[in-house]
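Notes to accompany the following structure.
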Amino acid sequence: KPKQDLAGRKVVITAGPTREKIDPVRYITNHSSGKMGYAIAEEAVAAGAEVTLISGPVSIKAPDGVKLINIESAEEMYHAAMEEYENANIVIKTAAVSDYRPKVCFSQKMKKQPGDEVLELERTKDILFELGQKKKGQILIGFAAETERVDVYAKGKLKKKNADMIVANNVTSEGAGFGTDTNIVTLFKKDGTSEELPLMSKKDVAAKILQEAAILLKDEQK
Ligand code: PMT
């Protein structure tokens, strides 16, 4: 039986991809299956937490016992995350959020026309950054999906986003990142330490992240 490390704690997890609509039949998205975030949600329930899972469109089933909030776009994820943030003790941002969306969403299927060869994009809100700005005693954990210079980018994100921990995965390594049942991650903590973990199941990575989160929360509340 897992230890009830998070009994009475509220844990908010984001998972899956976002979809940024171009028109009624097309959108921009990424390869996230939701497996990593859903594994964290399942382990958090097992650890006794009250769990809210804010999820983009995925084809896997949400674990029993979570409050599931389905969203599609980065903008919808932003609003759901902000709403759930206030009473949260721990927030874990596993979702692969689109950094860009089409500037205009066409109401009818877009037709190719001379002169509009380029689709204009604009930036979405950086949810992790916004949460970091509003942090009041919550433990904020982000992910970093990188294809190069993982350490540098992960440490940069830790600081810029005012996070307590960044879980970095090099998504080019076999068995890590999108779609797999396993992951290879390094944990970067705000005290400057880091811990490189071997290839593990997403379930075990999830349990490890939550153990660290419970320790960070205890320290925060000292
Ligand atoms: O879902 P799976 O198939 O199991 O795959 C797991 C995963 C690869 C998606 C996961 O392990 C992972 O790395 N998630 C983060 C993916 C990502 O978008 O990384 P990023 O480096 O672009 O973003 C950094 C952090 O900022 C993330 O916590 C992200 O949720 C957050 N972010 C990003 C953009 C944005 N507009 N708002 C955000 O909050």
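Could you put Glu76, Glu50, Glu122 in order, starting from the residue whose Cβ has the fewest other Cβ atoms within 10 Å?
Glu122, Glu76, Glu50
Between Gln108 and Ser201, what length comes free when the chain is fully extended (0.36 nm per residue of separation minus the Cα-Cα distance, one decimal in nm)?
Result: 29.2 nm gained on full extension.
Beyond 20 Å between alpha-carbons counts as too far, so tell me which of Lys136/Lys218; Lys160/Lys218; Lys3/Lys203; Lys93/Lys189; Lys159/Lys202 fall in that bin.
Lys160/Lys218; Lys159/Lys202
Rounded to the nearest 5, what % of the DSSP beta bridges within the range 10-220 are antiparallel ones?
Bridges in the range 10-220 are about 40 percent antiparallel.
Suppose R0 equals 45 Å. What FRET efficiency, 1/(1 + (r/R0)^6) with r the Cβ-Cβ distance, do Thr193 and Lys21 give to the nearest 0.05?
So, using R0 = 45 Å, E works out to roughly 0.60.
How do Leu119, Leu197, Leu210 rank when sorted from fewest to most other Cβ atoms within 10 Å of their own Cβ?
So the residues, fewest neighbours to most, are Leu119, Leu197, Leu210.
Hey, what D do you get for the range 46-141 in µm²/s if you plug the Kirkwood alpha-carbon radius into Stokes-Einstein at 37 °C and 0.692 mPa s?
Diffusion coefficient, whole number: 209 µm²/s.
Which of the listed residues, Val118, Ser73, Ala207, is farthest toward the dipole's positive end in the chain, when Lys, Arg count +1 and Asp, Glu count -1 at the beta-carbon?
Sorting the options by dipole projection puts first Ser73.
Among Lys203, Lys35, Lys218, Lys21, which comes first, then next, by fewest other beta-carbon atoms within 10 Å?
So the residues, fewest neighbours to most, are Lys218, Lys21, Lys203, Lys35.
So between Leu121 and Asn87, what do we pick up on full extension, going 0.36 nm a residue minus the alpha carbon distance?
Between Leu121 and Asn87, full extension yields 8.9 nm more.
Take the chain, drop everything but the C-alpha atoms, weight them equally and run the Debye formula without solvent; then report log10 I(q)/I(0) at 0.07 Å⁻¹ to two decimals.
-0.22
Given points 7 Å out from each Cα along the Cα-Cβ axis, report the Arg149 to Ser59 separation in nanometres with one decimal.
3.6
Read-outs throughout are calculated quantities, based only on the coordinates presented, and are distinct from any laboratory measurement. What you see is a predicted model; the values in this text were computed from it and never measured. Cβ coordinates were reconstructed from backbone atoms using ideal geometry, including for glycine residues, and neighbour counts include every protein chain displayed.
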